[in-house]
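For reference, the structure discussed in these notes is given below.
What follows is calculated from the coordinates using simple rules that are stated; it is not laboratory data. Note that the structure is a prediction, hence the values are computed from the model and not measured. For neighbour counting, all protein chains shown are included, and Cβ atoms are generated from backbone atoms with ideal geometry for every residue, glycine included.
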Amino acid sequence: MRPADEHYINAIRNNDRKGLQQLYQEFLPRISAFIRKNGGRDADAKDVFQDALIVIFKKVQEADFQLTSGFYTLLYGICRNLWGNRLQKKSGNEVSIPEDYKYTGEAGLSQLLEQQEEEQLFWDAFRQLGQDCQQLLQWFFAKVKMAEIAERMEYSSVGYAKKRKFQCKEQLIQRVKADARYSELMNK
Amino acid sequence: MQEQYERIEAYLDGTLPEPERKAFEAELEGDKTLAAEVELHRRVHRTLGNASEWAFRQNLEAISEAYEAPAENGKPGNRSALRLLLGILILIIVASLLYYFFMPAPDAEPVEPPAIEQPAPSPTAPEEVPKEEAVEETTTPTAPEDTPIANIPPDQPNPALEALVAASPLSSTYELAAEARLSNQNFTLEGEMLSAQYEEGKSMTLTLFDNQPGNYPDAPLHTGEIQVMEIDEDAPIAFAAKKAYFLDYEATLDLPAGLYYYVIRVDGEAEALWVGKMER
């Protein structure tokens, strides 16, 4: 592995802010250029770029992970696949990138890409919630006890914290169900 | 409904007491809607309960926001400054015209008619290059109206080349990404290329330019041939119909401090494939 590639992989593996900033500076403009050329905008490029980094983040957690290509080849390949999938879902046959966009490298990567697309549905729904719901649910999903959550949120009682948790989670579930991707996901 | 949620959560957490768990599982067997609901909760918990991914996402979101901040802060600021200048310019012109046409000017009192052109230079003045900084190139006799190309400080970006850097990779036939470094006098370039069209042996060249607007594309500082190596065909990394190549170039260059741009081309293609930049 080249030193620069190792630096980027370590930045992702260790969630290193400075290294990740360098990654954005170095590679986001190139990914943006690709997305713009293929019917997208800079905001789409940012989303795809972030999702690709999350895919790599999951990949590098695997004990037997080895980078078998250059880092940019991997990143670019994942972005191509993610954007290709989104184009197909978003605009049917109106806009498409060449059929050979499928990135076939890195064992197990296609499964991770699929998983990423599924999970994005939940993250998108979560982001639509109000700030207090996001905070409450973040602690709830992290298995913080309800009594502790009630204290942190400065609620009057644990009972009220449970009620708010239910209301927030219900909002989340309803938003997920209202998303077109949901039926596709549950049919898999 | 709240009770139902709590029951599902206790089941997923494994905290539902044994008799209740068995009863719940029996219920799941016969109720597909409930089973789908439990599955949805399971996936939501699995996804949003991943603490390390949460931290990673939060970090990325913060970086992403900060990344766009300079562009967003800069652009509207520049735009509003430009609007302000334009507004002042229009106001001055309108006021001048009103004064010129409507002020009663007695013949005896010689009133200097305000020059309409006079206010114009002031808003544009900051963008003009001071004459003493102009390059001492002579304009061609065929185009006497051309203004000489100005020199810019060696670390200042060249707008034309910056646009190419931002747009790179410039070809969809030769998908290329490269990075160059200059350490002491050792110039190195490494890159990767995916292409179904590249014919082995075809020459790829690197051309190096400084940042001066007058020097691109006709006055390169350095030109050389890049070494192109196909990446092992058995390697799992490849797009269906494309081959992957590694690009390598090294040279000894004695360059002063400044901003430099490198352009990669392949024989037979009119357009550059990649334009990158580096600082010395």
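Using a 10 Å cut-off on Cβ to Cβ distances, tally the other chain neighbours for every residue of B:37-45 and report the average as a whole number. Could you put the intermediate results ahead of the total?
On the way: counts 2, 0, 2, 7, 2, 0, 7, 11, 5.
Partner-chain Cβ atoms within 10 Å, mean over residues of B:37-45: 4.
Taking packing as the residue-averaged number of other Cβ atoms within 10 angstrom, the listed peptides A:124-131, B:210-217 run from highest to lowest as B:210-217, A:124-131. When the P(r) of the range B:1-63 is calculated, the portion above 14 Å amounts to 64% of the C-alpha pairs. Plainly put, chain A has a radius of gyration that is 1.03 times its Kirkwood radius, both from alpha-carbon atoms, as the Rg/Rh ratio. Phi angles of the range A:120-134 translate, via the Karplus equation with coefficients 6.51, -1.76, 1.60 and θ = phi - 60°, into HN-Hα couplings of 4, 4, 6, 5, 4, 5, 4, 5, 7, 6, x, 4, 5, 5, 4 Hz per residue; Gly and Pro are given as x. The charge dipole of the range A:129-188, taken about the Cα centre with unit charges on the Cβ atoms of Lys, Arg (+1) and Asp, Glu (-1), comes to about 200 debye, rounded to the nearest 20.
What does the charge dipole of chain A about its Cα centre add up to, to the nearest 20 debye, if the Cβ of each Lys and Arg holds +1 and the Cβ of each Asp and Glu holds -1? Mind showing how you got there, number by number?
On the way: 29 positive and 26 negative charges, 109 e Å.
Using only the charged Cβ atoms, the result is roughly 520 debye.
Summing charges over neighbours of B:Leu28, with a neighbour being any other residue whose Cβ is under 12 Å away from its Cβ, gives -1 when K and R count +1 and D and E count -1. State whether the range A:129-188 is rounded, prolate or oblate according to the following rule on the C-alpha gyration tensor (a ≥ b ≥ c being the square roots of its eigenvalues): a/c under 1.5 gives rounded; otherwise a/b larger than b/c gives prolate, and the remaining case gives oblate. Because a/c hits 1.5 or more and a/b exceeds b/c, the range A:129-188 counts as prolate. Annotation: the residues B:Arg265, A:Arg30, sorted from fewest to most other C-beta atoms within 10 Å of their own C-beta, follow the order B:Arg265, A:Arg30.
Annotation: the residues B:Leu16, B:Leu255, sorted from fewest to most other C-beta atoms within 10 Å of their own C-beta, follow the order B:Leu255, B:Leu16.
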